[in-house]
Amino acid sequence: MRRFHRLGILALIPFVAVAVVSAQYAQPTPAGQPAWAYAIPIPPATPAPGAAAPAPTPAAADPTIRSLPGTDRTFTRAQISDAFGPADWYPNDHPPMPDIVAKGRRPDVRACALCHMPNGKGRPENASVSGLPVSYFIQQMHDFKNDLRKSAEPRKGNTNIMIAIAKAMTEEEIKQAAEYFGAIKWENRYIRVVEANTVPRTRVQGGVHLVVEGAQAGTEPIGQRIIESPEHTEHFEILRDPRDGFVAYVPVGSIKKGEALVRTGGNGRTTACGVCHGADLQGLGPVPPIAGRSPSYIVRQMYDMQQGARRGVWADLMKPVVQKLTSEDLVNIAAYTASRPVSGNGAN
């Protein structure tokens with residue numbers, strides 16, 4: 001367990017030894033995998049034979065005091081990203097956080113609010129957890145704990161971190177987190193969906209597509225991908241602004257194609273999503289809502305279920321639903337579900 005924790009800490013260090021970085025890319029991307037959804041960075045160039053590998057550069061402490069509009073709170077970058085007490089910019093935006101959400105528990109359980117945000121909106125590299133049914137949330141934590149929920153992409157390090165956290169959490173801590181996030185209604189649109197033939201050129205960092213700026217900026221064809229990136233890189237990467245959103249560029253025509261699959265099942269290729277997730281995709285009983293959620297996340301989960309990396313009660317029910325879907329189908333479905341309005345669905 002401590003081994004997983006140490007791996008998680010390494011994932012947060014901006015610069016690591018070349019040997020460690022190179023090992024991350026040892027396994028090629030499998031054919032058919034929607035690599036864009038996992039956002040694994042392109043491997044660095046291999047040093048010339050006989051050339052010495054550059055020494056790792058330690059991250060410099062940044063004493064700058066940061067602020068955001070609409071709050072009188074200020075934090076340094078280290079405080080913002082503190083794994084056991086990250087910044088809570090807008091405490092009035094959510095109920096009082098239980099300690100496990102706000103601070104975690106040393107040494108193995110990071111604060112839930114670090115990655116999923118105090119309001120549970122999440123980020124493209126992980127999950128939005130606000131508004132999830134409490135029973136569903138608890139089941140997923142048990143699946144992580146019992147090695148039933150993994151990633152089909154072994155290089156996706158934060159999935160292993162989540163497994164380690166779940167294994168270290170008590171049942172009471174899981175219940176507190178589930179009830180806290182379940183009580184926060186998913187009522188804000190954090191994702192702006194834009195159909196486009198070309199997209200801004202991006203770089204991958206920490207499992208997220210960040211827009212390239214400066215001399216290397218430009219555009220490129222979208223192809224059969226969804227490119228989901230923060231609206232404002234600094235608000236995302238440095239400030240971890242829980243109110244800022246994301247833009248998801250999707251192929252032209254994908255929303256309409258996705259609607260046909262979601263609403264009708266595409267002539268037997270799948271099952272109409274509304275049967276289980278509700279006619280408006282806002283969830284139904286213990287089944288989670290999928291409207292207005294991260295399309296990158298949605299595609300990863302469908303692919304993980306196809307590959308058998310994600311199992312458990314709900315995943316086993318979903319596997320035959322997603323089994324016949326092509327890579328293009330996954331893109332179209334996620335484009336449509338991300339574009340759907342949210343209506344303040346709550347928990348339980």
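The values are calculated or read from the model by the stated rules, or taken from the named source; none is laboratory data. Here the structure is a predicted model, which means the values were calculated and not measured. All Cβ positions, glycine included, derive from the backbone under ideal geometry; neighbour counts span all protein chains shown. These area figures cover heavy atoms from the full protein model, side chains too; ligands, DNA and RNA do not enter into them. Shrake-Rupley method; radii C 1.70, N 1.55, O 1.52, S 1.80 Å.
So, with +1 on the Cβ of K and R and -1 on the Cβ of D and E, and no other charges, what is the size of the charge dipole of region 157-235 about its Cα centre, to the nearest 20 debye?
Values: 8 positive and 11 negative charges, 46 e Å.
In total the dipole reaches around 220 debye.
Among [x] 5, 24, 36, 26, 8, 1, 0; [y] 5, 19, 31, 28, 13, 4, 0; [z] 5, 19, 23, 23, 17, 9, 3, 1, 0, which one is P(r) over Cα pairs in 10 Å bins from 0, in percent computed from these coordinates?
Among [x] 5, 24, 36, 26, 8, 1, 0; [y] 5, 19, 31, 28, 13, 4, 0; [z] 5, 19, 23, 23, 17, 9, 3, 1, 0, the one derived from this structure is [x].
Which net charge results for the neighbourhood of Leu148, defined as the other residues with beta-carbon distances under 13 angstrom from its beta-carbon, given Lys and Arg at +1 and Asp and Glu at -1? Before the final figure, lay out each step's value.
Values: positive: Lys145, Arg149, Lys150, Lys167, Arg310, Arg311, Lys319; negative: Asp143, Asp147, Asp304, Asp316.
Net local charge, Leu148 excluded: +3.
Rg (Å, one decimal) plus Dmax (Å, integer) for the alpha carbons of region 106-237?
Values for region 106-237 (Cα only, Rg and Dmax): 16.9, 51 Å.
Sorted by accessible area with a 1.4 angstrom probe, largest first, how do His94, His232 fall? Intermediate values should be presented prior to the final figure.
Details: His94 25, His232 95 Å².
Heavy-atom accessible area, descending, gives His232, His94.
Sort out for me the Cα centre separation of region 173-210 from region 229-263, rounded to whole Å.
First find each Cα centre; the distance between them is then 7 Å.
Would you mind working out the magnitude of the charge dipole of region 83-220 relative to its Cα centre, with +1 at each Lys and Arg C-beta and -1 at each Asp and Glu C-beta, to the nearest 20 Debye?
On the way: 18 positive and 16 negative charges, 53 e Å.
Charge dipole of region 83-220: 260 debye, to the nearest 20.
Rolling a 1.4 angstrom probe over the protein chains, ignoring ligands and nucleic acids, what is the accessible area of Glu195 in square angstrom, nearest 10?
In the full protein context, Glu195 sits at about 80 Å².
Given Cα pairs under 8 Å that are at least 6 residues apart, what percent is the relative contact order of region 88-153?
Relative contact order of region 88-153: 16 percent.
Would you mind telling me the share, in percent, of accessible area of region 192-278 contributed by carbon and sulfur at probe 1.4 angstrom?
Carbon-and-sulfur percentage of accessible area, whole number: 51.
Considering the zone a paramagnetic label at Arg201 would reach in this model (a point 7 Å from Cα along the Cα-to-Cβ line), which residues of region 241-262 have amide N under 19 Å from it?
249, by backbone N distance to the label point.
Quick one: putting +1 on the C-beta of Lys and Arg, -1 on the C-beta of Asp and Glu, what dipole do you get for region 118-169 around its Cα centre, in Debye to the nearest 20?
Details: 8 positive and 4 negative charges, 19 e Å.
For this selection, approximately 80 debye.
Once you keep just the Cα pairs under 8 angstrom separated by 6 or more residues, what percentage relative contact order results for region 188-341?
26 percent
Give the accessible surface of the chain per residue, rounded to a whole number of Å², with probe radius 1.4 Å and ligands, DNA and RNA excluded.
It amounts to 48 Å² per residue over the chain.
Run the numbers on the chain and let me know its relative contact order in percent, using alpha-carbon pairs under 8 Å that are six or more apart. Let's see the in-between values first.
Details: 630 pairs, mean separation 69.1, N = 348.
Relative contact order, the chain: 20 percent.
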